[in-house]
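Asks: Below is the structure I would like to discuss, written out as structure tokens.
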Amino acid sequence: GGEKEGGGGGEDAETKATAAAPATETDAEAEDDVALGSPAKHHETVEDIAAALGVVSLDAPTEDADVETRAAAEPPLAKFLAECGQSAPRSAPPMAEALAAFSKTFSPDFSLATCRKIGEGTYGEAFKSGETVLKIVPMGGETLVNGEPQMGFAQVRAEAAVARRLAALRPERLAGTANANATNVTSGFIDTKHVAVCRGPYAPELLEQWRAYDALHTSENENPALFPADQLYAVFFFADGGVDLEHAEISTYAEAKSVLLQVTVSLAVAEEACRFEHRDLHWGNVLLKKCGAGEEKDATLNGVRLSFPTKGVDVSVIDFTLSRLDMPPDETDHPDDTQKRDATNASVPVFCDLDADPELFKGPEGHCQSETYRRMAAATNGDWSKHAPETNALWLRYLADCLLEDKRFACTAEQTAELKAFRKRAAGYGSAAEALWDGVFVGEFKTNYGA
């Protein structure tokens with residue numbers, strides 16, 4: 001039990017996200033330390049936003065030429081721009097123009113005028129407008145970010161690969177496609193609407209909101225106005241997933257168990273779909289949003305349809321900075337390499353080398369989150385490329401501990417004992433898929449198995 005570290009290993013961990021066989025990476029790429037997500041691509045929307053960016057006036061040809069030159073010299077940047085649907089002549093428009101193009105193409109309720117800052121991390125700022133949350137992170141530059149080196153383009157692409165794959169599991173992404181009848185489906189991972197690359201200057205409206213937030217909360221970050229005008233940024237546009245578990249109110253045991261069930265289902269589906277492990281599922285990376293008390297959710301696990309009540313909370317998993325999954329070789333930087341390729345399906349693992357941040361494993365003894373990182377290291381034997389789905393079960397144990405020790409809700413002694421028993425058993429499960437069949441979830445979901 002005890003106090004949980006809200007930052008976990010996420011944005012504050014100096015880790016390396018990489019695809020297998022990083023032999024061709026530059027030294028600068030190897031030192032990158034943070035990544036963010038990108039959505040599954042829709043061809044029509046990529047074309048739309050490219051068109052929207054193309055109609056603005058070419059008022060800064062020098063800066064655009066600089067971006068093109070840099071992209072030619074740094075393949076990860078060139079590939080990331082292409083994946084974002086951005087190409088010459090407006091490879092990386094000024095921030096305000098990029099945000100306006102997003103609003104026009106993807107989300108009419110989004111507006112710079114209504115943006116407000118809602119949070120921050122070591123490497124970036126979070127703002128919200130309408131039902132869209134955006135995270136803006138400087139990348140690839142020389143200016144330190146709160147005393148830390150900026151994240152690099154290779155890391156952005158690595159987590160983008162994870163986020164795209166998880167977004168592809170959402171039912172609305174699968175509908176009307178060749179994978180409409182996919183055997184593994186879940187909406188339990190945050191919906192990423194779009195990702196874009198832009199350059200400075202930082203949008204004045206957002207700087208004003210940064211100052212307002214600082215006046216109220218005393219920001220721990222340096223003012224982003226300090227970045228040079230040619231700074232490049234990754235901008236990620238997410239659906240509003242609600243409040244993180246650390247700050248969310250849990251009123252009943254039914255709600256607490258629903259949180260645990262929804263996370264377990266999401267992890268189990270992703271395990272089966274792409275051998276996914278989150279590897280940093282602390283309570284800051286589980287979002288809760290109120291919904292109808294009688295509302296149900298569906299998922300598909302290995303072709304079996306699961307239906308379960310939300311009990312009034314819709315849960316989304318976020319932040320895949322430290323995550324690991326398998327990708328088809330044609331979606332990685334090293335399609336010809338076979339060194340770490342799975343022998344059965346020729347897939348390539350995308351993963352983060354957690355050993356790059358030794359401090360992650362030096363937390364206090366008996367502290368559940370710190371112990372979880374150490375138990376993960378034991379489960380993987382230090383080979384972070386390998387699939388060790390028991391790491392997901394370890395985080396389920398941690399989440400049960402959070403609910404028991406750090407949240408206050410109405411429950412009986414019997415219910416407390418049930419949750420404690422699950423916490424103990426979870427440490428021995430080999431995966432989230434195995435944990436899903438624990439006694440604590442008996443009767444909590446229905447299946448169409450045998451129907």
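Asks: If I filter the range 181-191 down to residues being more than 20 Å from GLY241 (Cβ to Cβ) and either at pLDDT below 95 or aromatic (Phe, Trp, Tyr) (or both), which single residue comes out as most open to solvent (accessible area, probe 1.4 Å)? Lay out the reasoning, then the answer.
Replies: Here is the first cut: in the range 181-191, the ones more than 20 Å from GLY241 (Cβ to Cβ) are 181-184.
Cutting the leftovers down to either at pLDDT below 95 or aromatic (Phe, Trp, Tyr) (or both) gives us 181-182.
Working: ASN181: 147, ALA182: 32 Å².
The residue in question is ASN181.
Asks: Taking only pairs six or more apart or across chains, which ones have beta-carbon atoms under 7 Å, a first residue in the range 414-429 that is free of Cβ contacts under 8 Å to residues at least 24 places away in the same chain and on the phi < 0 side of the Ramachandran plot, and a second residue that is open to solvent by less than 40 Å² (accessible area, probe 1.4 Å) and among the charged types (D, E, K, R)?
Replies: Hits for this filter: ARG425/ASP438.
Asks: Read through the list (1) open to solvent by 10 Å² or more (accessible area, probe 1.4 Å); (2) modelled with pLDDT of 80 or more, then give the number of the only condition that SER57 fails.
Replies: Evaluating SER57 over (1) open to solvent by 10 Å² or more (accessible area, probe 1.4 Å); (2) modelled with pLDDT of 80 or more leaves (2) as the failure.
Asks: Also: Quick one: count up the residues across the range 270-299 that are in a strand (DSSP E or B) and closer than 22 Å to ASP357 by Cβ. Show your work before the answer.
Replies: Of all residues in the range 270-299, those in a strand (DSSP E or B) come to 277, 286-290, 296-299.
Next, only the ones that are closer than 22 Å to ASP357 by Cβ stay: 277, 286.
Final tally of qualifying residues: 2.
Asks: Within the range 77-97, how many residues turn out to be open to solvent by less than 10 Å² (accessible area, probe 1.4 Å) and not in a loop (DSSP other than H, G, I, E, B)?
Replies: Of the residues in the range 77-97, 4 are open to solvent by less than 10 Å² (accessible area, probe 1.4 Å) and not in a loop (DSSP other than H, G, I, E, B).
Asks: Can you tell me which of (1) touching a helix residue (DSSP H, G or I) at 6+ places or on another chain (Cβ under 7 Å); (2) of a type outside the set (Lys, Arg); (3) within 30 Å of SER347 (Cα to Cα); (4) open to solvent by less than 50 Å² (accessible area, probe 1.4 Å) is the one ALA273 doesn't meet?
Replies: Exception for ALA273: condition (1).
Asks: Let me ask you something else. Can you confirm whether ALA113 is at negative phi, out of contact with any strand residue (DSSP E or B) (no Cβ under 9 Å at 6 or more places or on another chain) and surrounded by fewer than 20 Cβ atoms within 10 Å (Cβ to Cβ)?
Replies: So ALA113 does not fit the description; no.
Asks: For a quick check of your reading: which helices (runs of 4 or more DSSP H) sit entirely within the range 345-451 and have at least 3 residues that are within 20 Å of ILE250 (Cβ to Cβ) and open to solvent by 40 Å² or more (accessible area, probe 1.4 Å)? Even if it seems obvious, please write down each step before you answer.
Replies: Working: elements: 368-380, 390-405, 413-426, 432-435.
Passing ranges, in order: 413-426.
Asks: Output the number of the condition that VAL133 fails; it satisfies all remaining conditions of (1) within 16 Å of the chain's Cα centre (by Cα); (2) in a helix (DSSP H, G or I).
Replies: Against the list (1) within 16 Å of the chain's Cα centre (by Cα); (2) in a helix (DSSP H, G or I), VAL133 comes up short only on (2).
Asks: Let me ask you something else. Is it the case that some residue within the range 241-249 is open to solvent by 10 Å² or more (accessible area, probe 1.4 Å), modelled with pLDDT of 95 or more, among the charged types (D, E, K, R) and assigned to a helix (DSSP H, G or I)?
Replies: Scanning the range 241-249 turns up no residue that is open to solvent by 10 Å² or more (accessible area, probe 1.4 Å), modelled with pLDDT of 95 or more, among the charged types (D, E, K, R) and assigned to a helix (DSSP H, G or I).
Asks: Within the range 314-328, take every residue that is in a loop (DSSP other than H, G, I, E, B) and touching a residue at least 40 places away in the same chain (Cβ under 8 Å) and give me the one that is farthest from VAL350 (Cα to Cα). Outline the logic, then answer.
Replies: Step one: of the range 314-328, the residues in a loop (DSSP other than H, G, I, E, B) are 318-323, 328.
Among the residues that remain, those that are also touching a residue at least 40 places away in the same chain (Cβ under 8 Å) are: 318-323.
Numbers: ILE318: 17, ASP319: 15, PHE320: 11, THR321: 11, LEU322: 10, SER323: 8 Å.
Among those residues, the one meeting the criterion is ILE318.
Asks: ARG164 fails exactly one of the following numbered conditions: (1) modelled with pLDDT of 95 or more; (2) closer than 26 Å to GLY430 by Cα; (3) not in a loop (DSSP other than H, G, I, E, B). What is the number of that condition?
Replies: Tallying (1) modelled with pLDDT of 95 or more; (2) closer than 26 Å to GLY430 by Cα; (3) not in a loop (DSSP other than H, G, I, E, B), ARG164 fails exactly one: (1).
Asks: If ALA178 passes every condition in (1) farther than 21 Å from VAL265 by Cα; (2) surrounded by 15 or more Cβ atoms within 10 Å (Cβ to Cβ); (3) more than 17 Å from the chain's Cα centre (by Cα) but one, which one does it miss?
Replies: Here ALA178 clears every test but (2).
Asks: Is it the case, given these coordinates, that THR132 is out of contact with any strand residue (DSSP E or B) (no Cβ under 9 Å at 6 or more places or on another chain), of a type in the set (Ser, Thr, Tyr) and closer than 28 Å to ALA78 by Cβ? Break it down into steps so the answer makes sense when it comes.
Replies: Values: out of contact with any strand residue (DSSP E or B) (no Cβ under 9 Å at 6 or more places or on another chain): no; of a type in the set (Ser, Thr, Tyr): yes; closer than 28 Å to ALA78 by Cβ: yes.
No, not satisfied.
Asks: Note down all Cβ pairs under 9 Å where the first residue falls in the range 225-251 and is in contact (Cβ under 8 Å) with a residue 40 or more places away in the chain, the second is of a type in the set (Asp, Glu) and surrounded by fewer than 14 Cβ atoms within 10 Å (Cβ to Cβ), and they're at least six residues apart or on different chains.
Replies: Cβ pairs passing all conditions: PRO228/GLU142; ALA239/GLU131; ASP240/GLU131; VAL243/GLU249.
Asks: Six or more apart or on different chains, Cβ under 9 Å: which pairs go from a residue in the range 435-450 that's over 15 Å from VAL185 (Cα atoms) and touching a residue at least 40 places away in the same chain (Cβ under 8 Å) to one that's buried (at least 18 other Cβ atoms within 10 Å of the Cβ) and of a type in the set (Ser, Thr, Tyr)? Could you list them?
Replies: The qualifying pairs are ALA435/THR264; ALA435/TYR429; LEU436/THR264; PHE441/THR264; GLU444/SER258.
The values are calculated or read from the model by the stated rules, or taken from the named source; none is laboratory data. Computed from a prediction, not measured in an experiment: that's the story for all the values here. Methodologically, a virtual Cβ is constructed for each residue, glycine included, from the backbone with ideal geometry; neighbour enumeration extends over all protein chains shown. Calculation scope for accessible area: heavy atoms of the full protein, side chains included, ligands and nucleic acids excluded. Shrake-Rupley method; radii C 1.70, N 1.55, O 1.52, S 1.80 Å.
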